[in-house]
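One structure is given below, encoded as structure tokens.
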Amino acid sequence: MKEISISPKISKGELVRRLGARKGERLSRATKLKVAGLTEALSGFLRPVVHYETRPLARTTKSSIELEKGPIFRSRKIAKSLTGCTHVVCFIATIGQGLEARIRERFEANRLSEAYILDALGSVLVEDVARQFQEFIAKKCAMQGECVTLRFSPGYCDWPLEEQRKLFSLFHPSRLKVHLSKSCLMEPRKSISGIFGIAPRDDWQHHTPYNPCTECSAKTCSARRAPSAAMYAQ
Ligand code: SF4
């Protein structure tokens with residue numbers, strides 16, 4: 001099991017979206033001031049880290065992928081997206097427990113707007129940790145003539161949330177900074193787990209990599225990827 005620490009950045013556009021603003025709308029001056037104040041205090045209690053494991057891909061069927069020495073992940077969309085891959089990167093990313101305590105404090109003190117902003121900031125930050133991690137692996141792969149696929153998380157698309165247990169089974173629980181509850185939710189909440197594939201770039205130049213979002217009817221899905229985002233290559 002490997003571990004990497006990443007300094008997340010706040011995407012302003014993403015934060016505005018998470019705070020409920022519609023496209024083109026701006027935050028009020030009061031909200032902007034609150035965001036600035038809370039952001040300044042953030043760095044002291046963030047502990048961003050990504051745990052990861054890279055395993056050879058042993059087998060792909062129409063509805064599953066099997067890693068060497070297991071486990072088998074069941075999802076048609078993942079199976080189709082990772083066809084042609086040689087390896088699978090499994091990861092668990094988090095910004096740590098500190099933010100949760102601050103959100104709870106605000107709730108208990110009835111400072112609900114601050115709790116809401118902190119919650120949104122946490123979502124944006126952990127998403128950026130996962131994004132930067134994938135970019136880091138993609139850069140390493142590019143140097144070896146490889147590229148990486150889109151990433152998938154348990155509970156999204158057609159990958160059942162219960163498969164989170166299989167993903168966590170790849171890591172030593174005592175060394176993980178993220179705990180999995182009986183209902184398969186992660187603690188701290190601001191954590192992202194997932195997988196993506198690694199494929200030889202030459203092989204992929206001869207066909208269009210699959211992006212399941214292009215043929216998915218889930219119109220309100222917040223995780224929808226652009227049609228051009230079938231793979232993540234540097
Ligand atoms: S839109 Fe894309 S990310 Fe969302 S459920 Fe469909 S395939 Fe999955």
Task: Inter-label distance for Asp202 and Glu215, nm, one decimal - labels placed 7 Å from Cα along Cα-to-Cβ - done: 2.9
TODO: Grab the beta carbon distance between Glu40 and His172, set R0 = 35 Å, and tell me the FRET efficiency rounded to 0.05.
DONE: 0.50
Task: Over 27 Å (Cα to Cα) - which of Lys139/Lys177; Lys23/Lys219; Lys69/Lys177; Lys12/Lys166; Lys77/Lys140 fall in this group - done: Lys12/Lys166
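Quick check: at a probe of 1.4 Å, how many percent of the accessible area of the chain sits on carbon and sulfur atoms?
The C+S portion of the solvent-accessible surface of the chain is 52 percent.
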Open item on the list: Please compute the length gained on full extension between Leu112 and Lys32, using 0.36 nm multiplied by the number of residues separating them and subtracting their Cα-Cα distance.
Closed with: 27.2 nm
Task: Using a Förster distance of 30 Å, the FRET efficiency for Ser5-Leu161 (Cβ separation, nearest 0.05) - done: 0.65
Task: Highest to lowest packing among 140-153, 44-57, 16-29, scored as the average C-beta count within 10 Å - done: 140-153, 44-57, 16-29
Open item on the list: Taking the 0 to 90 degree range and rounding to the nearest ten, how far is the long axis of helix 112-143 tilted relative to the main principal axis of the chain, both from C-alpha atoms?
Closed with: 30
- [ ] Return one number: the angle in degrees, 0 to 90 and rounded to the nearest 10, between the long axis of the Cα atoms of helix 29-42 and the longest principal axis of the Cα atoms of the chain.
- [x] 70
Task: Per residue solvent-accessible surface (Å²) - the chain, probe of 1.4 Å - done: 55
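The values are calculated or read from the model by the stated rules, or taken from the named source; none is laboratory data. As the structure is a computational prediction, the values presented were derived from the model and not from experiment. Reconstructed Cβ throughout: ideal geometry from the backbone, glycine too, with neighbour counts over all protein chains shown. Note: accessible area is taken over every heavy atom of the protein model, side chains too, but ligands, DNA and RNA are not part of it. Shrake-Rupley method; radii C 1.70, N 1.55, O 1.52, S 1.80 Å.
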